[in-house]
Amino acid sequence: MVLRLAFKDYLENFKLNLLFGVLLIFSFIALFENIFIGSGSIFLEYNIFSVDPIVLAVQLLSIIVFLVFYSLFLSFLIFNVRNKLNNVRMNYYLKEKLHKFGFALAIFFVLYFLVFFFFSSLLVFLSFPLLAVNFILLIASVLLLFVPQSIVIDEGKIFHSIQNSIEFLAKNPSTVFKVILMSVVFLLVLPLIEFLFDFIYLTGNYVSLLISLFFVVPFIEIVKTRLYMKKFGLVLFDKEY
């Protein structure tokens, strides 16, 4: 049921979801040799100590600008789903709240990226196994999975939203597992699409990134928002799938 309702929400927010696709313009950063596109994602290698400082500054600035726009679009998307499940005073939130949500999300994602990137680069520089580094990042990412939803729905500060995310994970492990499983399925499908387009047009990496931005990311965030509203008892969950 949740997937069906989430897809309906996705269609209702189709114009907003198009904005996520516009973020593809930031794919120009893949022109740098330590950045590459694949499987619907943009990857930045953990080698900051071997990158020219000016180049690194341009890369980081580009990523930060990307995250600011992404945060703004995401705050609107989560709010729209929240408002559908629990009507609020639209005019008040548009004038007084939404820009604050977007700002808080931007701060969170920028800090999230910078801390993870420099921490990972340091571990790699200290010769930590790359597999161990990625595993640490995976665990941390799971713990922070519902922070965007908490910022917009609970209207809390970033630190409290982190606490809320961890608390929600602890109380709803099966829900988290389903989100992770769904994400894994998408991660398996995107490389297949990329391979198909590479075989025909040699543009598979950009096609998979566009699909990820335009559909996968907003759809997953909609599902997460609906699942997070479970804590308020606003959605039936006995027949989710």
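The values are calculated or read from the model by the stated rules, or taken from the named source; none is laboratory data. The model shown is predicted, which means the values in this text are computed figures rather than measured ones. Cβ atoms come from the backbone with ideal geometry, glycine included; neighbour counts cover every protein chain shown.
Observations
- Pairs, first free of Cβ contacts under 8 Å to residues at least 40 places away in the same chain in the stretch 203-227, second crowded, with 22+ Cβ neighbours inside 10 Å, C-beta under 6 Å, six or more apart: Gly204/Glu194
- Selected residue (criterion: farthest from Ala106 (Cα to Cα)) from residues of the stretch 34-66 that are assigned to a helix (DSSP H, G or I) and among the polar types (S, T, N, Q): Ser50
- Matching entry among Ser165, Ser174, Ser208 (being of a type in the set (Gly, Ala, Ser) and touching a Gly at 6+ places or on another chain (Cβ under 8 Å)): Ser208
- In the stretch 1-18, the residues that are of a type outside the set (S, T, N, Q) and crowded, with 18+ Cβ neighbours inside 10 Å: Val2, Leu5, Ala6, Asp9, Tyr10
- Among residues of the stretch 80-102 that are within 24 Å of Val223 (Cβ to Cβ) and in a helix (DSSP H, G or I), those with a Cβ under 9 angstrom from a residue that is at pLDDT below 75 and of a type in the set (Val, Ile, Thr), sequence gap 6+ or separate chain, pair up as Arg82/Val88; Leu85/Val235; Lys97/Val88.
- Of all residues in the stretch 107-159, those satisfying the criterion of being touching a helix residue (DSSP H, G or I) at 6+ places or on another chain (Cβ under 9 Å), of a type in the set (Phe, Trp, Tyr), without any contact (Cβ under 8 Å) to a residue 40 or more places away in the chain and closer than 23 Å to Phe66 by Cα are Tyr112, Phe116, Phe119.
- When the residues of the stretch 33-55 are filtered to those that are among the hydrophobic types (A, V, I, L, M, F, W, C) and surrounded by fewer than 17 Cβ atoms within 10 Å (Cβ to Cβ), the one that is nearest to Tyr112 (Cα to Cα) is Phe43.
- Members of the stretch 150-202 that are in contact with an Asp or Glu (Cβ under 9 Å, 6 or more places away or on another chain) and modelled with pLDDT under 90: Thr175, Lys178
- Selection within the stretch 202-223 - touching a Phe, Trp or Tyr at 6+ places or on another chain (Cβ under 7 Å) and closer than 18 Å to Leu67 by Cβ: Leu213, Phe214, Val216, Val217, Pro218
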